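J.: Dumping the structure here so I can ask a few things about it.
Quick note: the coordinates plus some simple rules give every number you see, no bench work behind them. Since we're looking at a predicted model, the values are computed, not measured. When we count neighbours, we look across all protein chains shown, and the Cβ atoms used for this are built from the backbone with ideal geometry, even at glycine.
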Amino acid sequence: MEKSFVVSAPGKVIIFGEHAAVYGKVCISLSFPAFRNYSIISSVFLSCYSLLIIHIRSLYILPLVFNRNLIIIFHFVLTFFPSPPFSFSALQKPAIAAAVSLRTYLLVSPNGDKDKDFIKLDLPDIDFSHSWKISDLPWSIIPSNNVDNTPVFRPKPTESLIPEVVSKLSEFIYDITNPIHYNSAYAFLYLYLFLLNKSTPACTFTIRSTLPIGAGLGSSASMAVCLAASLSILGTHVSPPTLQYDDFSITNSTDSSFIDSWSFMAEKCIHGNPSGIDNTVACHGGAIMFQRMKSSIPSVKTLIKNFPTLKLLLTNTAHPRKTSDLVSKVASLTNQFPLVSGSILDAIESLTKEAYNLIIRPFFDNDSKNRLRDLFRINHGLLVSLGVSHPSLEKVKLLADKLDLGETKLTGAGGGGCAITLLKDDIDTSKIDSLLNQYQNEGFEAFETTLGGKGVGLMYPSVNPSTNLNDPTVDLSHFTPNGFISIESKINIEKFIGIENNPEWRFW
Ligand SMILES: Nc1ncnc2c1ncn2[C@@H]1O[C@H](COP(=O)(O)OP(=O)(O)O)[C@@H](O)[C@H]1O
Ligand SMILES: C[C@@](O)(CCOP(=O)(O)O)CC(=O)O
């Protein structure tokens, strides 16, 4: 490997269903391998279950068994099978998240003979840089059996982080006292050990992002996907991608699934117990409807293909908030007023499903857009009533409403953080400029963005024959670690490296 390359992945916004996604109803999931051990108890159990389904209207179950006749057939079939092919778990209410056009970029530059024994991680966005001697890393701790040989021989992520590796790795980062630095270094080293080996040529990894960090827009997941993609390429576990920017054909998804699965491990290093939604959106792009399970069963993620291009204003109030505090706030409200809060959460669930039905229709016309905007307004109102808005978020909404630019809702946990405004089509750009000025005066950072963009991508900047080296705008000095670090603004990151401005980008 002697070529530099860049990988990139987007951030995400939750467009509908936040907070409701934390609550669920009992669900029965089918697990066919469990058909083996029949017992009479299972049959009795299932009878009770069927009665429950018929009599308790609010019970949420898989679509397969919504129909009463199917339940009866299903029950009948089960009596001939050895054991209950189902397990009780709680399927949470759905939420919809979509990729945004703000992205993280990771430059991989081979060190060559200089520093050939050291790998370096440069994270200028968080003011951190660190090197490690490759031969010092705890290679022997990596279990040799953690491989998958279908369809090709490659490392296989584990369900949870391996405690021995975690403990050994802590010796290599014990001197990093800032938790933000620590998390990023930890995620990097964990993946490096599993995806590469001692003889992989030393490289410098430099990360820049146009996403605000810690604002609920998935900056950690987009970084995690970049780490997983770059190390998968270096380890030759995946082939370089082939899809161009405007190519939406379906390709073999094994490589992107591999990257997704390892980015989830990096997210675990950073967050402990992430849902996996952020890295899924960052990896595959587009939009996703997801529903968590209460137990350890993985979330149900439905990729929404052909997500319509929606013009959006994303506004970061810069007011800090902690997701866990806001989730607890809603939890105490639901304890205090279970019926009232339950109705609000049910309403959020209904509007999320309504939005999903609008979005997946092959024709997404002006009427659909208007309806989606209405759902934005309703969803925000319901979140306000749950107590998770904030004066700064209300200010964002008020200023946009005054100019009649579209509908605004908070996104993510609320209590500060970000709001999204689904803009009307054909609005006067001077109105948007005026709004941006007002936001700036309030100390808000606003970005015009589109939803549902590309997922993880790769670019070899200097070698693609289509690069016109005489073009003065093609300045390859940006693709050196120092050049990459010295790009001075987010606008310039997009201009010099961005996926829309460089035809060399390809996507998995
Ligand atoms: N550009 C970046 N450079 C280095 N680390 C980053 C970058 N972006 C995100 N991170 C890591 O991800 C963490 C942010 O994750 P989190 O608090 O969940 O916020 P977000 O909602 O933006 O994902 C940071 O503390 C840092 O460890
Ligand atoms: C409030 C919640 O629904 C979304 C939180 O989103 P974020 O942390 O702001 O990206 C919590 C959750 O789903 O885990």
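J.: Among 270, 230, 179, whose Cα projects farthest towards the positive end of the dipole of the stretch 178-275, with charges put on the beta-carbon of Lys, Arg (+1) and Asp, Glu (-1)?
T.: Ranked along the dipole, the leading option is 179.
J.: Return, for the Cα atoms of the stretch 119-219, the radius of gyration and Dmax in Å, separated by a comma.
T.: Rg and Dmax of the stretch 119-219, Cα atoms, are 14.8, 41 Å.
J.: Now, a different point. Can you list the equivalent-ellipsoid semi-axes of the stretch 309-450, largest first and in whole Å, using the square root of 5 times each Cα gyration tensor eigenvalue?
T.: 26, 21, 11
J.: I would also like to ask the following. At a 10 Å Cβ-Cβ cut-off, how would you order 384, 238, fewest neighbours first?
T.: Fewest-to-most ranking of 384, 238: 384, 238.
J.: Another question about this same structure. Exposure proxy check: 434, 4 ranked by fewest other beta carbons within 10 Å?
T.: Exposure proxy ranking, most exposed first: 434, 4.
J.: Over 26 Å between Cα atoms: which of 322/495; 12/409; 268/397; 198/495; 133/268; 12/329 fall into that group?
T.: Going by Cα-Cα distance, 322/495; 268/397; 198/495 fall outside the 26 Å limit.
J.: Using the Cα centre as the reference, give the magnitude of the dipole from point charges on the C-beta atoms of the stretch 309-450 (Lys, Arg: +1; Asp, Glu: -1; all else neutral), rounded to the nearest 20 debye.
T.: It works out to roughly 320 debye.
J.: Which trypsin sites (Lys or Arg not before Pro) from the stretch 190-280 combine a DSSP loop assignment with at most 12 other Cβ atoms within 10 Å?
T.: Those that pass, being in a loop and sparsely packed, are 198.
J.: What are the extents of the Cα atoms of the stretch 293-361 along their three principal axes, listed from largest to smallest and rounded to whole Å?
T.: 41, 32, 27
J.: Set the Förster radius R0 to 60 Å, insert the Cβ-Cβ distance between residue 198 and residue 445 as r into 1/(1 + (r/R0)^6), and round the FRET efficiency to 0.05.
T.: That pair, residue 198 with residue 445, gives E of 0.90.
J.: In straight Cα distance, which aspartates and glutamates are under 19 Å from residue 120, not counting same-chain residues fewer than 8 positions off?
T.: The reachable aspartates and glutamates, counting only those whose Cα sits under 19 Å from residue 120, are 2, 136, 171, 175.
J.: Fewest first, what order do 456, 166 take by the number of other Cβ atoms within 10 Å?
T.: 166, 456
J.: Turning to a different aspect of this structure: Can you give me the convex hull volume of the Cα atoms of the stretch 145-279, divided per residue and expressed in Å³?
T.: Here the figure is 141 Å³ per residue.
J.: Once you place label points 7 Å from the Cα toward the Cβ at residue 492 and residue 171, how far apart are they in nm?
T.: Here the answer is 4.3 nm between the modelled labels.
J.: For residue 140 and residue 249, what is the calculated FRET efficiency with R₀ set at 51 Å and r taken between the beta-carbons, to the nearest 0.05?
T.: 0.75
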